[in-house]
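Q: Below you'll find the structure I mean.
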Amino acid sequence: MSSKVNYLSCPDLSKARLKGDGTKVVPFDMEPDHRLIEAYKGKKYFIKTYGCQGNVRDEETMAGLLEALGMERTSRPSESKISIVNTCAVRENAESKVYGEIGKFKSIKEKDKDFVLCVSGCMMQEEGKANLIVDSYPQVSIVFGTHNINSLYDLLLENLLKKERFVDVRSFPGEIVEGLPYKRLLPYKAYVDISYGCDKFCTYCIVPYTRGRERSRRMGDILAECKKLYAEGYQEVTLLGQNVNSYGKDIGEYGFSDLLEEVAKIGIPRIRFLTSHPFDFEHSMLEAIAKYPNIMPWIHLPLQSGSDDMLRRMGRRYTQKEYLSLVEDIRRTIPGVSLSTDIIVGFPNETDEDFDATLEVAKQVAYESAFTFIYSPRNGTPAARIKDNVSDKIKHERFVRLTKVIEASVEKSSDLMVGNTYDVLVDGPSKRDKEVLSGYTEGNKLVNFKGPQYLVGCIVPVKIIESHTYSLIGELVGDPLLHKAKFVGDLLRRDPVVEEYQRVDQAIKEDGKLMEAIDSLPQVKKDAALSIGSLNYEEKRNTLLKLEDMLNTHPMIKNRENLYSQIQDLIEELRGILS
Ligand code: SAH
Ligand code: SF4
Ligand code: F3S
């Protein structure tokens, strides 16, 4: 089954560290080759993604490329003609899951020699991993990396024509590719990349090597993507970057708070952003969040450790005191804000005192939610070379102690919500009970409540009646059908056709001559009617016909009528949603 492997490019961690001289923005304007379309049109594809939101957004791009060939998504790998395993490298356990997943495709490839399995994502950007994968798993036909998703068509075509295997993992991310197709996973909430890569090089972290140096997308491209989502009726947009706070520093014309304000002005009901590094957090960001009600009062602020010594050795660029004073500023500027965090336990040579400092900060900040991880050495990072004197047993004990402290503050913040009503963006019926819907509050707390499935994608008020630490139980407030009607009304208002109609209507109202003609129509009609049988009938009738003709053929009025009939069609469509 295994055939020749062509190594077109392989990852090189030293190259991944390099910074180019300014980021080039290149358009993607590739049409898929007709032979690819002939081979795959009408066939199914499957994608399994591990890792962070950035990887999920990449999956949407891969899906968009495959759908442009005429393919359809399936949730069953055995039905697929092309499958992609999109990997993560952030910790050891993320990687071990990948091997098991790839293993599942062995029998599919044995049954169907034309089946194509691709492996992509961060793990492939690590030195040696692509070779290991193609050597150990003959069912893998194509390996590509995070910087060359745009070469998917070339690789699929080469594989189709030559029936050989291809590895193409570029290391140097000097460019941003704009205009790639994408197929969103959800119709009401979306991720939007604002920057790629990371320049922080925390000593434990593989991300700057797998995703490359930091490159910001141009503000105009981001706003265009958000405006499209607004017009399509999206309720929530999450702006993504490994460190959103440093957005724009490489461009030098605008920063993250400028972007945040511009995105908020578009009018999407919920704006979120991930992730904020405490180092370059500017107060202007907090002001923007406080000013715009549609920027959600939730900040994910990774702490990693509460010990100054650990923070220094992690390369985090802030002290415990600086972190705490930032938290104070955040809580003061945005009343009711939710704070979440990431904490690493067991960084090499962490002492009891270091760990106690972490517990202390966790207690003091009283996070509304948190992710905790046990340190996992990543080959190629500076921390992986440090000899560690802490046993796994101690690390696990610390992990359990930290989890308890975190749980206490999460529980307390959840308990405080009982009895109050919160807006919840409905995600979907729960897997266990179809009548139970789940969704998130503005502060990113998970709520389960009973309600009809047609509310998925709507923002509805829910009264919290019970707290279960990591989730809340609530009751829908008000009539679900009215909530849906409000949602549908909002969709209509956002449609560009409605906006255009309002614009044309306004222009007509501002045109004095035209308005005069329109206003005179009833009187001219009356005069013509009254003159029937009299001598000046012909003259009055001609005046009326001329006026009617002028109005019926006037470009602005014709345009308004045309838009009006398009709106009628839209209303019909929306009536369908309501029923
Ligand atoms: N750019 C983001 C996310 C990075 S990865 C940030 O800086 O917050 C998400 C989280 O994984 C990190 O915040 C960190 O807590 C954790 N992480 C990263 N590398 C790790 C490692 N080698 N071992 C354990 N946890 C790690
Ligand atoms: Fe990794 Fe640090 Fe960059 Fe986050 S900021 S991606 S933890 S290097
Ligand atoms: Fe994983 Fe890559 Fe994201 S390593 S966490 S998928 S940036």
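Every number here is computed from the coordinates shown, using simple stated rules; none is lab data. Bear in mind the structure is a predicted one, so any value in this text is a computation, not a measurement. When we count neighbours, we look across all protein chains shown, and the Cβ atoms used for this are built from the backbone with ideal geometry, even at glycine.
Q: In the stretch 82-151, how does Rg compare with the Kirkwood Rh, expressed as the Rg/Rh ratio over alpha carbon atoms?
A: Value, to two decimals: 0.95.
Q: Which whole-angstrom value gives the distance between the alpha carbon centres of the stretch 18-58 and the stretch 473-500?
A: First find each Cα centre; the distance between them is then 34 Å.
Q: Now, a different point. Taking the Cβ of F355 as the centre, find all other residues whose Cβ is under 9 Å away and add up their charges (Lys, Arg: +1; Asp, Glu: -1).
A: Taking every Cβ under 9 Å from that of F355, the sum is -3.
Q: Could you please report the charge total around M71, scoring K, R as +1 and D, E as -1 over all other residues with beta-carbon less than 9 angstrom from its beta-carbon?
A: Charge balance near M71 sits at +3.
Q: Is the shape of the stretch 390-435 rounded, prolate or oblate, going by the alpha carbon gyration tensor and its root eigenvalues a ≥ b ≥ c, with a/c under 1.5 for rounded and a/b larger than b/c for prolate?
A: oblate
Q: Starting from one equal scatterer on each C-alpha and no solvent at all, send me the Debye-based log10 I(q)/I(0) for the stretch 28-118 at q = 0.16, 0.17 Å⁻¹, two decimals.
A: -0.69, -0.77
Q: Using the Kirkwood radius over C-alpha pairs as Rh, can you work out the diffusion coefficient of the stretch 199-334 via Stokes-Einstein at 4 °C, viscosity 1.567 mPa s, in µm² per second?
A: The estimated diffusion coefficient comes to 82 µm²/s.
Q: Now, a different point. Which distance in nm do the two modelled labels at L223 and K321 give, with both placed 7 Å along the Cα-to-Cβ direction?
A: 4.1
Q: Can you give me the Kirkwood hydrodynamic radius for the stretch 466-572, using every pair of distinct Cα atoms, in Å to one decimal?
A: The Cα-based Kirkwood calculation yields 18.1 Å.
Q: In whole angstrom, how far apart do the alpha carbon centroids of the stretch 368-405 and the stretch 261-320 sit?
A: 24
Q: What ranking, highest mean first, results for peptides 500-507, 307-314 when packing means the other Cβ atoms within 10 Å averaged over each residue?
A: Listed from highest to lowest mean packing, they are 307-314, 500-507.
Q: Multiply the residue separation of I577 and K183 by 0.36 nm, subtract the distance between their alpha-carbon atoms, and state the gained length in nm to one decimal.
A: Difference between extended and current length: 139.7 nm.
Q: Once each part is reduced to its C-alpha centroid, what is the distance from the stretch 130-189 to the stretch 218-241 in angstrom?
A: What the calculation gives is 25 Å, centre to centre.
Q: Using the 2.2 N^0.38 Å rule of thumb for compact globular proteins, work out how the stretch 340-449 stacks up: its C-alpha Rg over that value, please.
A: 1.38
Q: Based on the mean of other Cβ atoms within 10 Å per residue, sort peptides 453-459, 296-302 so the most packed one is first.
A: Highest to lowest by the protection proxy: 296-302, 453-459.
Q: Follow-up question, since we're still on this one. Say R0 is 51 Å: what FRET efficiency, to the nearest 0.05, do I473 and S520 get from their beta-carbon distance?
A: 0.20
Q: Next question. Find out how many positive minus negative residues lie around S565, taking Lys and Arg as positive, Asp and Glu as negative, among other residues whose Cβ is under 12 Å from that of S565.
A: Charge balance in the 12 Å sphere: -1.
Q: A follow-up question, please. Quick one: Debye curve from the alpha-carbon atoms of the chain only, equal weights, vacuum; give me log10 I(q)/I(0) at q = 0.07, 0.08, 0.11, 0.12 Å⁻¹ to two decimals.
A: Log10 of I(q)/I(0), two decimals: -0.53, -0.67, -1.15, -1.33.
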